[in-house]
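The values are calculated or read from the model by the stated rules, or taken from the named source; none is laboratory data. Predicted, not measured: the structure shown is a model, and the values here were computed from it. Here Cβ is always computed from backbone atoms with ideal geometry, including for glycine, and neighbour counts include all displayed protein chains. Only protein heavy atoms, including side chains, enter the accessible area calculation; ligands, DNA and RNA are left aside. Shrake-Rupley method; radii C 1.70, N 1.55, O 1.52, S 1.80 Å.
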Amino acid sequence: MRYSLKHGNRVGELSGLIRLGWLFVMWVTSLALLPASAVHAGNLQVQGVRLWAAPDSTRVVFDVSGPVEHRLFTLKNPDRLVIDLPNAGVDSKVGQALKRGGVVKNLRSGPRNKKDLRLVLDLKGPVKPKSFVLKPNQQYGHRLVIDLFESASAGKSAPRKIQAASKPAKLRELVIAIDAGHGGEDSGARGKRGTHEKEVVLAIARRLAKLVKKEPGMRPVMIRDGDYYIGLRQRIEKARKHRADLFISIHADAFRDRRVQGSSVFVISRRGASSEMARWLAARENAADLVGGVSLDDKDDLLAEVLLDLAQTATQEASNEVADKVLDEMKRIGKVHKKRVQHAGFVVLKSPDIPSMLIETAYISNPTEEKKLKSAKHQQKVANAIMKGVRSYFSANPPAGTLIAQTSSRRHVIRRGDTLSHIAQRYGVSMRSLRATNKLTNDQLLVGKVLAIPSKGG
Ligand SMILES: [Zn+2]
């Protein structure tokens, strides 16, 4: 049986005739020789496939029956990625689960050299592929992971220079990096009713981002804004690329004892975990890269910076303070697991230059808390509490060169009878700049709300 890639188009058309949507399609030539149900060419079986589309990359994960060897290469005109698996076959049902997405247009398969398997991904454009294998975990078995980076530069890491502490003279907004834990292959913890941590924490993160966006002088950056996995260190890198002033990682873990409940706020530890539970949680969260899938060469030279952070006392102190403020607010909305900020070696908190905290919003393993985590009302409460804590920290400690630093000394609490034009007159500023600074969409004022007063002439 001669294999030729020229057959690609024929097979593509055929698949369209047989079924709409996404199917593994066997080569025309193989149909004649093999049972129609599957390609059972070798010992190894490809049993399933999933696709996760991130903003600039697409991940395709193949479930395989055992440890897998593979070889891959790309082809142009049209763009394709070819994956060869020696001594392997594929279950024909596999492709049905695959949803269209990212850069992948279609998936085909066929036997090669009678005993090997060739998988072909038809692509929308050129990619830089990266592949690695994952060992079985609680949720999945052996997997072959293919990451397709869409732009030429996306596959490489961004240059890792530590930003100079001084910022340009122009006043800037504070950048709040919001990191929804887990995602994609890594669902995080799971509640008894089947609630996935990755989903509820993304919902809370999105609510928080909305609040930050409305906040005068602040801007959110979502580290993950969809159902895909990002490596722990890449999360830090993304925050640093955006010059974040604060990194907030949001989680909702599980514990073997379902009675355990309450939220906790963590910062990085320089000397080990503050409790057995803190150590246990950190070990679980740090295992995310194994579950979610990070290729080995992504785990490289941030280590130097991680070591550097041990000397970053200022960052550490800021982390402690802002975490304190957030914990105070969490106490107002529900139970806390520990009354003080906890310390543990979470990888995602190892930024040398960005104050960082990790919030375990609740225990998803506790049935009452699982229910709360799913409710929009409670998600909003959690987001509000985090926002209040962040606001309270930054108005007391505004970084130099930020809009907040300039306006924090000039604030006006709205009283009954105040109008925007009165306030503008009183402080000698224009109504336009008052509106812009406070992101007001109309001139209605709420009694008790605080307005930031911009600089004169601003
Ligand atoms: Zn988590």
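Of note:
- Given their separation in residues at 0.36 nm each and the Cα-Cα distance between them, Asn87 and Gln138 gain 15.7 nm when the chain is fully extended.
- Near Leu327, once Lys and Arg are set to +1 and Asp and Glu to -1 for all other residues with Cβ below 14 Å from its Cβ, the sum equals +3.
- D (Stokes-Einstein, µm²/s), Kirkwood Cα radius, segment 60-134, 1.306 mPa s at 10 °C: 121
- Unsatisfied cross-links (Cα-Cα over 22 Å) in the set Lys213/Lys325; Lys192/Lys374; Lys170/Lys210; Lys371/Lys449; Lys76/Lys241; Lys213/Lys339: Lys170/Lys210; Lys371/Lys449; Lys76/Lys241; Lys213/Lys339
- Rounded to whole Hz, the Karplus (6.51, -1.76, 1.60) HN-Hα couplings of segment 127-143, x for glycine and proline: 9, 10, x, 9, 9, 7, 10, 10, 7, x, 9, 4, 8, 10, x, 4, 9
- Proximal aspartates and glutamates to Lys388, defined as alpha-carbon separation beneath 18 angstrom and excluding residues fewer than eight positions away on the same chain: Glu173, Asp179, Glu215, Asp245, Glu321, Asp324, Asp328, Glu329, Glu360
- Centre separation in Å (Cα based) which lies between segment 367-383 and segment 254-282: 20
- Dipole of segment 174-264, positive end: most advanced residue of Ser187, Leu211, Ile223 [Cβ charges, Cα centre]: Leu211
- Rounded FRET efficiency, nearest 0.05, which uses the C-beta distance separating Trp280 from Asn113 and R0 of 51 Å: 0.55
- Low-density loop cleavage sites - chymotrypsin sites (Phe, Trp or Tyr not before Pro) in segment 363-458, where at most 13 other Cβ are within 10 Å (DSSP): none
- Fully extended contour minus Cα-Cα distance, from Arg259 to Lys335, at 0.36 nm per residue: 26.1 nm
- Peptide ranges 135-142, 348-355 listed from the most packed, as the mean C-beta count within 10 angstrom indicates: 348-355, 135-142
- FRET efficiency, Lys170 to Thr441 (Cβ-Cβ, R0 30 Å, nearest 0.05): 0.75
- Each Cα pair under 8 Å and six or more residues apart adds its separation to the average, and for segment 342-458 the resulting relative contact order is 20 percent.
- Accessible area per residue for segment 65-150, computed on protein heavy atoms with a 1.4 Å probe, is 47 Å².
- Pair Arg206, Lys99: separation of 7 Å Cα→Cβ label points (nm): 1.3
- Taking every protein chain into account, the accessible area of segment 395-455 amounts to 57 square angstrom per residue (probe 1.4 Å).
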